[in-house]
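Here the structure is laid out as structure tokens; the discussion comes afterwards.
The values are calculated or read from the model by the stated rules, or taken from the named source; none is laboratory data. No experiment lies behind these values; they were computed from the predicted model shown. In this analysis, Cβ positions are derived from the backbone assuming ideal geometry, glycine residues included, and neighbour counts consider all displayed protein chains. Heavy atoms of the whole protein, side chains included, go into the accessibility calculation; ligands, DNA and RNA do not. Shrake-Rupley method; radii C 1.70, N 1.55, O 1.52, S 1.80 Å.
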Amino acid sequence: MKLYHISFNNLRRRKGKMIFLVVGLLIGIATIVALMSITDSMASDIEERLNRFGANIVMVPRNDNLSLSYGGITVGGVSYTMKELDEADLPKIRKIKNSMNIGIIAPKVLGIKKIKGKEALLMGADIEAELTLKTWWQYAGTLANSKKELILGSEAAKTLALAIGDIVELGDSQLTVAAILQSTGGQEDGIVIGDLHEIQRILGKEGKISLVEIAAFCRGCPISEMTLQIAEKFPNARVTALKQAVMAKMQSIELVKSFSYGIAGLVIFIGSLLVFVTMMGSVNERTREIGIFRAIGFRQGHVMQIMLLEAIVVGLIGGVLGYIIGSFIAWGVIPYVIKGGTFSGPDFPLGGISIILAVSLSLLASLYPAHKASRLDPSAALRAL
Amino acid sequence: MIIPQNLIEIKDVGKDYLDGDTLVSAIAKMDISIDDGEFVGIMGQSGSGKSTLLSILGGLNQPTRGRVVVDTLDIYELSSEQRADFRSEYIGIIFQSFQLIPYLTVKENIKLPMAITGLKAKTQEEMALNVLNKVGLENKANRLPDQLSGGEQERVAIARAIVNNPPILLADEPTGNLDSKTAGEVISLLKQLNKEGQTIIMVTHNPEMCRHSGRTIHVKDGRLSS
């Protein structure tokens, strides 16, 4: 007979009490695990969406000439004598060390052309990549994904007096205004956008690229290093990381995480309170028993050991079951809260943390009741006999 | 080596309680000496102070005044934890209403005092079986207390009290909840233990039970009455 036999037998033969304690912890831990798993999936989903939400690396030709601001981004010089990048070199971007973190690559060619007698800034772009990258673009009209289509910025449409369906002659090409962007307040309000290769041909810049916007994102991935890796591949280009964009993305994710940590903290508090109240109740119920232990010679430390060992066992069971049930909840809930989301599988470090947390909480909540139990005056306890 | 004349000496012991604002004296003043191997009955009416006296003897209840010396040890000079060790080594207590741990089997209840002794499992098993045989419950070792009769529970309580071979056995109304036949069996068992050398101090309000003790101390209103 050892002290742990007393703890185990108490838990084994007082199943109702143990189940109540375990359930209290289990609810807390399951909620935390489910919340953390769902938040993690949400963060991944947000990351994925943010990957498509604007670029965070810009590559422009190295140029000592004038610079032109576009979309709030200062890009390399755009002038009649400006240098260009070769479109054929672009696949090199996907060969850098951190290529896994590269999302969308949106190359563009820029040039000036007269439309209806007025000079207009033409931008040739991969329209599909551009629309994926610029999710804030809203437009009127319909895009048929044709090379002969133009998208006009709102200011450009007004200045050039063009409407959807109008035909625009650019060199030997006749292009149709398929869509007009709603005002964004950015540089795109004043530009005329067309298919990359068609505009390259119109501008006489076949195979040339004026700037490349790159969406790269990963949790804690080294954006600065990635810019260096790209710069190594393109010695004639200037590669700039837009740290603000990364910071904004991180902040969005941190916001979601902080919210879930807040909820988790609240649940932990309620869970611990439940264990504390139950343990205190248990001490009061077991006054007689503790009196007997003390009367037959158990020291205060022996009584504490019995009670704390029970708390550890309850914490272990609550932690393991809470983790399993929480993971199942996350598995069931994620597809409903995240469109197309799936549970990424058991998170074993989270499991370890959950079990440690459950045991610590159970111990912490039992510390005072156990101390109180051990300090019971045996004669007072025996008066209750 | 100095051998103490008396195993237990109670000198000028008194115990007062506060009942609200009123000071109540449970034990006014008592001087008692008990020799090794004695079977002493403490008799008195309900509220006479006999149970308080027993708890003071067991190192469970600090007296307001006086000294309790057991085997040269002034037990209330010891710290609370030292007194717990003293109880483990010197005292076996048979509680009124048995006071068995409901979630432990008969054998586990009997082994309970050994849980803190560091004795090996095999030794514990042998000692538990030995006392189970002594109280005649060897075939009910794995039962839970609520599966036993009152008399059987009392015998388990006795077995638990004697398993560590304590020199002093304190019994608080050991026959109070038993029918006369079972009470007789329990008294026989206590007499047998006393014959084997155990010092027994039994509290009872039943004069019939005190007939079996070697000496009877009468307590009335917190004082020795004879």
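Quick look at the values:
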quantity: Options A:SER272, A:GLY322, A:TYR261, ranked by Cα towards positive dipole end of the protein assembly as shown, top entry (Cβ charges); calculated: A:GLY322
quantity: 0 to 90° range, to nearest 10: angle between helix B:150-162 axis and chain B longest Cα axis; calculated: 70
quantity: Accessible surface of B:LYS134 - all protein chains present, 1.4 Å probe, nearest 10 Å²; calculated: 80
quantity: Which listed pairs, of A:LYS97/A:LYS208; A:LYS113/A:LYS148; A:LYS114/A:LYS233; A:LYS257/A:LYS339; B:LYS134/B:LYS181, have C-alpha distances above 28 Å, in listed order; calculated: A:LYS114/A:LYS233
quantity: For segment B:132-225, alpha-carbon Rg over 2.2 N^0.38 Å; calculated: 1.13
quantity: Size of charge dipole - chain A - debye, nearest 20, with Cβ of Lys, Arg +1 and Asp, Glu -1, no other charges; calculated: 2140
quantity: Longest DSSP-loop-exposure-free segment, chymotrypsin sites (Phe, Trp or Tyr not before Pro), chain A, at most 13 other Cβ within 10 Å; calculated: A:137-385
quantity: Rule-of-thumb Rg ratio for segment B:8-224 [Cα; 2.2 N^0.38 Å; N residues]; calculated: 1.01
quantity: Highest-fluctuation residue, B:LEU132, B:LEU78, B:LEU119 considered, GNM on chain B with Cα pairs under 10 Å; calculated: B:LEU119
quantity: Helix B:180-195 vs. chain B, principal-axis angle (Cα, 0 to 90°, nearest 10); calculated: 80
quantity: Long-range amide H partners of A:LYS208 with built H, under 5 Å; calculated: A:GLU87
quantity: For B:53-59, mean number of other protein chain Cβ atoms within 10 Å; calculated: 2
quantity: Carbon/sulfur fraction of accessible area - the protein assembly as shown, other protein chains in place, 1.4 Å, %; calculated: 56
quantity: Estimated vicinal HN-Hα couplings, Hz - segment A:129-143 in sequence order (Karplus 6.51, -1.76, 1.60; Gly, Pro = x); calculated: 5, 5, 5, 5, 6, 9, 5, 7, 5, 10, 9, 9, x, 10, 9
quantity: Cα centroid separation - segment B:174-213 against segment B:1-68, whole Å; calculated: 20
quantity: With Cα atoms, 0 to 90° folded angle of helix B:80-90 axis to chain B main axis; calculated: 60
quantity: Amide H contacts of B:MET202 (H built 1.01 Å from N, under 5 Å, at least 5 apart or other chain); calculated: B:VAL40, B:GLY41, B:ILE42, B:ALA171
quantity: Over segment A:56-241: Kirkwood hydrodynamic radius from C-alpha pairwise inverse distances, Å; calculated: 16.9
quantity: Two-site label geometry, A:ASN236 and B:GLU81: point separation in nm, points 7 Å out along Cα→Cβ; calculated: 8.3
quantity: Chain B - mean residue ellipticity at 222 nm from DSSP helices (-39,500 (n - 2.57) per run, n ≥ 4, rounded to 500); calculated: -9500 deg cm²/dmol
quantity: Estimated buried accessible area (total), pair A and B, 1.4 Å, Å² to nearest 100; calculated: 2600
quantity: For B:THR64, net neighbour charge (Lys/Arg +1, Asp/Glu -1) across residues whose Cβ lies under 9 Å away; calculated: +1
quantity: Shape call, segment A:329-377: gyration tensor on alpha carbons, a/c limit 1.5; calculated: prolate
quantity: Cα-Cα P(r), segment A:282-328, percent of pairs per 5 Å interval; calculated: 5, 19, 20, 18, 11, 10, 8, 6, 3, 1
quantity: Area accessible to solvent at A:ASP189, 1.4 Å probe radius, in Å²; calculated: 10
quantity: FRET efficiency, 1/(1 + (r/R0)^6) with R0 35 Å, evaluated for B:SER33 and A:LEU367 via beta carbons; calculated: 0.20
quantity: Total formal charge among the other residues, if their Cβ is under 12 angstrom from that of B:ILE162, Lys/Arg +1 and Asp/Glu -1; calculated: +2
quantity: Rough spin-label spacing in nm, given labels placed 7 Å along Cα→Cβ, for B:SER149 and A:ASP166; calculated: 11.2
quantity: Distance in nm between pseudo-label sites at B:ALA141 and B:ARG211 (7 Å out along the Cβ direction from Cα); calculated: 3.7
quantity: Cα-derived Rg to Rh of chain A, Kirkwood definition; calculated: 1.28
